[in-house]
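What follows draws every value from the coordinates through simple rules; no lab data is involved. Worth saying up front: this structure is predicted, and the values here are computed from it rather than measured. All Cβ positions, glycine included, derive from the backbone under ideal geometry; neighbour counts span all protein chains shown.
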Amino acid sequence: MDDDDFDALYLDLMKEFLATATPLQWLAVVTTMNYDNGSALPDWISKYPKLEPAVAKALYWYQQPGYFQHYASQDKVPSINRSGWARVQALSQRFEQGNLAPATIGWDPANDLASPTGNEKHPGYDWTSEAVKGDEAKWQIPAIMLQAVPGEQPDIYAYVDEHGWEDGMPPHVQEELNAAMDGDEVEDED
């Protein structure tokens, strides 16, 4: 199986899973997926019409908007990262326009429990600390993106551990991808 076929299968399996996934599972995908595996899934998620605010905000911060603050426009961003720049801008616009589903779970970019710190007083990672301030920033992260999404913030770290997730995938997706790869190895041996 070549990389394009693998990527297409991965996207199809994840879209199928997310079609019936809970908000907690959506958040688990966004906060634990491997962002080096391409941009098709983050692109699809960012455009999903019923995207929850917690998921959208987590996706925004996991795209590392502080990196993109060094560039005034998309054409200034290195070509390999331009789709990430566009996603960051589109997600903040969705928040500013109120173009998201009603929130059913919370998420705090200043206290992300999916990235535990081990500190009792501040148990989650503070993504907002990565925001570039002052003259170094070509644009400012909108204030709405710095705010927590109200609601109960689930313990994603515990959820994925208890349910055997890996790289933002539930076990059945990982198993299907592994089976497809194993099937190719058997065919190659013939």
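Odds and ends about this structure:
- Overall form of region 31-131 per C-alpha gyration tensor (a/c, 1.5; a/b vs b/c): oblate
- A simple charge model with +1 on the Cβ of Lys and Arg, -1 on the Cβ of Asp and Glu and nothing else charged puts the dipole of the chain at about 1880 debye relative to its Cα centre.
- Using 0.36 nm per residue and subtracting the Cα-Cα separation, the extra length available between residue 179 and residue 166 on full extension is 3.1 nm.
- DSSP H segments from the chain that extend 18 Å or more along their own axis, Cα-based, with Kyte-Doolittle mean of 0.0 or above: none
- With K and R counted +1 and D and E -1, the other residues having a Cβ less than 11 Å from that of residue 175 yield a net charge of -3.
- With contributions of -39500 (n - 2.57) from each DSSP H run of at least four residues, the per-residue ellipticity at 222 nm computed over the chain stands at -15000 deg cm²/dmol.
- Its relative contact order, with pairs defined as Cα atoms under 8 Å and 6+ residues apart, puts region 3-189 at 27 percent.
- Selection of GluC sites (Glu not before Pro), region 98-175, meeting DSSP coil and at most 14 other Cβ within 10 Å: 120, 152
- Computed with the Debye formula from one identical point scatterer per Cα of the chain, without solvent, the log10 of I(q)/I(0) at q = 0.07, 0.16, 0.19 Å⁻¹ comes to -0.22, -1.04, -1.36.
- Under DSSP loop assignment and at most 11 Cβ neighbours within 10 Å, longest trypsin sites (Lys or Arg not before Pro)-free interval of the chain: 51-120
- Amide H contacts for residue 107 (H built 1.01 Å from N in the peptide plane; partners 5 or more residues away or on another chain; cut-off under 5 Å): 149.
- Legend: calculated FRET efficiency, residue 20 to residue 135, from the Cβ-Cβ distance at R0 = 45 Å, rounded to 0.05, equals 0.40.
- Cross-link reach is defined here as a Cα-Cα straight distance under 18 Å, omitting same-chain residues fewer than 8 places apart; for residue 50 the lysines meeting it are 15.
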